[in-house]
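Chemist: Shown below is the structure under consideration.
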Amino acid sequence: MSTVNANFASPRTVLVSGGAVKQVAALLGRFGLSRPLIVTDPFMVRSGHVNNCLDPLTAAGIPISVFSDTVPDPTDTVVEAGVAELRKGNYDCLIGFGGGSPMDTAKAMAILAAGVAAAPAGGPPAKMRDYKVPVAADKAALPIIAIPTTAGTGSECTRLTVITDTERDEKMLIAGLGALPLAAIVDYELTYSVPARTTADTGVDSLTHALEAYVSKHANPFSDAMAVAAMTLIGRHLRTAYAEPRNAAAREGMMIGATQAGLAFSNSSVALVHGMSRPIGAHFHVPHGLSNAMLLPAVTRYSVPGAEARYAQASRHIGFAADADTDAVATAKLVSGIEALNKDLAVPTPSAYGIDEAAWTAKMDLMADQALASGSPGNNPRVPDKAQIMGLYREVWTGAPRNAPGP
Ligand SMILES: [Fe+2]
């Protein structure tokens, strides 16, 4: 008989509703905060989307300061620039507004700023890589309020951030309570303008979070509840949100599902898909959800024998399999269901994405090392060695079983 070993962490409060972003000033007030630095990206500023956050603050008389130099796949150099900006002002909190990248940047700024402030005079400056796993990044200089505009990385409610080490071309996983937002605002109306490609990629990322949390060795009753709820919502709404961007029910379902999936993996873990996905992002600049989608069929097929009953249950929750299906049938439907979903969401192969085969092959060895070093493959129900990870990278390139002649 197994016993539960869980440590559940979540933001202190999460506001969930259409239009909830209008409550941002009131939310700050509840925590006695009044001097935010808003962390966002240049598109949010250019497009005016950031005003959804700024207007309610201005109306409440809260001064506006914006750091908008964040980049997709946030880097240590951008985080350092953000910390320099933070130290110029008398801020009492950070608001991360945007997709995963601005939220992850805000989190990393809070962690690095704590390290910079605590560093002894004359010593080496704190660097982002000082905080990568297995270090516990539990200290933050300032509280973080997270407002996602995609559905989504779930970053608004996770104790994780992913930052690229620019000297080493490595996406570093940084984990600890320092990365956990104090509060989040989950407002699906902010996702209406998200383009179809991003809706698909971030949606598959959410699905992967829920599935990996559910099959992880660290799964527990709390993460399971969130993972099951997320898989159900995402399975029901992802295709519709992709095809009908103004569909409120689909956008709301995806937004809630993405947040639940974030709570699921933050309190369990991600696994082999994410372990292999980060190096693809670091070396070939494939958007995170897209590299997850490329990997998901092959990695799921490989992993099913390690937890057949769990994968079968996941397949039923997502809606790929029926309750009456046997585990063997349900897991087969899981793999074929993901492949069909990828097709409907126009997920390209690495080759169709424009990656050069020789470059892919040349990087497989290093990518496998980096995947293993992240620790995520060790959470998988079936733990691969380096040769097996390289075999999976090869399979994802060729799409071998997918292209095999059918009956
Ligand atoms: Fe992810």
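Chemist: Since A213 meets every condition but one in (1) open to solvent by 10 Å² or more (accessible area, probe 1.4 Å); (2) small (G, A, S); (3) within 16 Å of the ligand (Cβ to nearest atom), which condition does it not meet?
Modeler: Failed condition: (1).
Chemist: While we're on this one: State which residue is least open to solvent (accessible area, probe 1.4 Å) when the search covers only segment 216-243 and only residues that are of a type in the set (K, R) and within 18 Å of L345 (Cα to Cα).
Modeler: Out of the qualifying residues, it is R239.
Chemist: Could I ask something else about it? What single numbered condition from (1) more than 16 Å from the ligand (Cβ to nearest atom); (2) touching a helix residue (DSSP H, G or I) at 6+ places or on another chain (Cβ under 6 Å); (3) at positive phi fails to hold for Y188?
Modeler: Every listed condition holds for Y188 apart from (3).
Chemist: If you check I234 against the conditions, is it modelled with pLDDT of 95 or more and either over 18 Å from the mean Cα position of the chain (by Cα) or within 14 Å of the ligand (Cβ to nearest atom) (or both)?
Modeler: yes
Chemist: Starting from residues that are among the β-branched types (V, I, T) and within 14 Å of the ligand (Cβ to nearest atom), keep the ones in segment 269-326 and report whichever is farthest from the chain's Cα centre (by Cα).
Modeler: Restricting to residues being among the β-branched types (V, I, T) and within 14 Å of the ligand (Cβ to nearest atom), the top hit is V299.
Chemist: What residue, of S291, S266, is without any contact (Cβ under 8 Å) to a residue 24 or more places away in the chain, touching a helix residue (DSSP H, G or I) at 6+ places or on another chain (Cβ under 8 Å) and within 19 Å of D104 (Cβ to Cβ)?
Modeler: From the options S291, S266, the qualifying one is S291.
Chemist: Name the residues in segment 35-55 that are of a type in the set (S, T, Y) and either part of a helix (DSSP H, G or I) or open to solvent by 20 Å² or more (accessible area, probe 1.4 Å) (or both), would you?
Modeler: Hit for segment 35-55 is S47, nothing else.
Chemist: While we're looking at this one, here's another question. If the requirement is being among the polar types (S, T, N, Q), in contact (Cβ under 8 Å) with a residue 24 or more places away in the chain and open to solvent by 10 Å² or more (accessible area, probe 1.4 Å), which of these qualifies: T208, T202?
Modeler: T202
Chemist: Checking the structure you have, find out if any residue of segment 15-33 is exposed (fewer than 14 other Cβ atoms within 10 Å of the Cβ) and closer than 20 Å to A113 by Cβ.
Modeler: yes
Chemist: Report every pair of residues separated by at least 6 positions or lying on different chains whose Cβ atoms are under 7 Å apart, first residue within segment 318-346 and buried (at least 17 other Cβ atoms within 10 Å of the Cβ), second modelled with pLDDT under 95.
Modeler: E339/R402
Chemist: Examine segment 285-302 for a residue that is among the charged types (D, E, K, R) and at pLDDT below 95, and state whether such a residue exists.
Modeler: No, segment 285-302 has no match at all.
Chemist: Let me ask you something else. Which residue out of A340, A314 is out of contact with any helix residue (DSSP H, G or I) (no Cβ under 7 Å at 6 or more places or on another chain), in a helix (DSSP H, G or I), modelled with pLDDT of 95 or more and under 21 Å from T202 (Cβ atoms)?
Modeler: Testing whether each residue is out of contact with any helix residue (DSSP H, G or I) (no Cβ under 7 Å at 6 or more places or on another chain), in a helix (DSSP H, G or I), modelled with pLDDT of 95 or more and under 21 Å from T202 (Cβ atoms) leaves just A340.
Chemist: Which condition from (1) assigned to a strand (DSSP E or B); (2) away from the ligand (no atom under 16 Å from the Cβ) is the one that I163 breaks?
Modeler: (2)
The values are calculated or read from the model by the stated rules, or taken from the named source; none is laboratory data. Quick caveat: nothing in here was measured; it's all calculated off a predicted structure. We place every Cβ from the backbone using ideal geometry, glycine too, and count neighbours over all the protein chains shown. When the accessible area is computed, the model is the full protein with side chains, heavy atoms only, and any ligands, DNA or RNA have been set aside. Shrake-Rupley method; radii C 1.70, N 1.55, O 1.52, S 1.80 Å.
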